[in-house]
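Reading through the structure tokens given below for one structure.
Values quoted throughout were computed directly from the atomic coordinates according to the rules given, and no laboratory measurement underlies them. None of the values given here were measured: they were computed from a predicted structure. So basically every Cβ, Gly included, is an ideal-geometry build from the backbone, and we count neighbours across all protein chains shown.
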Amino acid sequence: MNDPERISKLLSKLQTLWSHYPDARLCQLLYAIMSTDNHTGKELFFIEDDRLDYAIEKMIQNLNLSQQDE
């Protein structure tokens, strides 16, 4: 059984990331997230939550690194 706590954690991270791209539609954002984790050709339906979480975290870290360089 999946941990119900993952929902709020995952949505919180998604909200953090989405705030950096407010003009993006949800599916555009999800596609972009998964593209950074080499899942471009896979259907989002089959992506496990832990992989999505990892990809979101990776994208957030990349944003933080690029902002520090400015």
Rounded FRET efficiency, nearest 0.05, which uses the C-beta distance separating L44 from H20 and R0 of 22 Å: 0.65
Compactness summary of the chain: radius of gyration and Dmax from Cα atoms, Å, are 12.4, 43
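When only C-alpha pairs under 8 Å and at least 6 residues apart count, what is the relative contact order of the chain, in percent?
Working: 24 pairs, mean separation 25.9, N = 70.
That works out to 37 percent.
Net charge within 12 Å of D3 by Cβ-Cβ distance, Lys/Arg positive one each and Asp/Glu negative one each, not counting D3 itself?
Details: positive: R6, K9; negative: E5, D49, D50, D53.
Around D3, the charge tally is -2.
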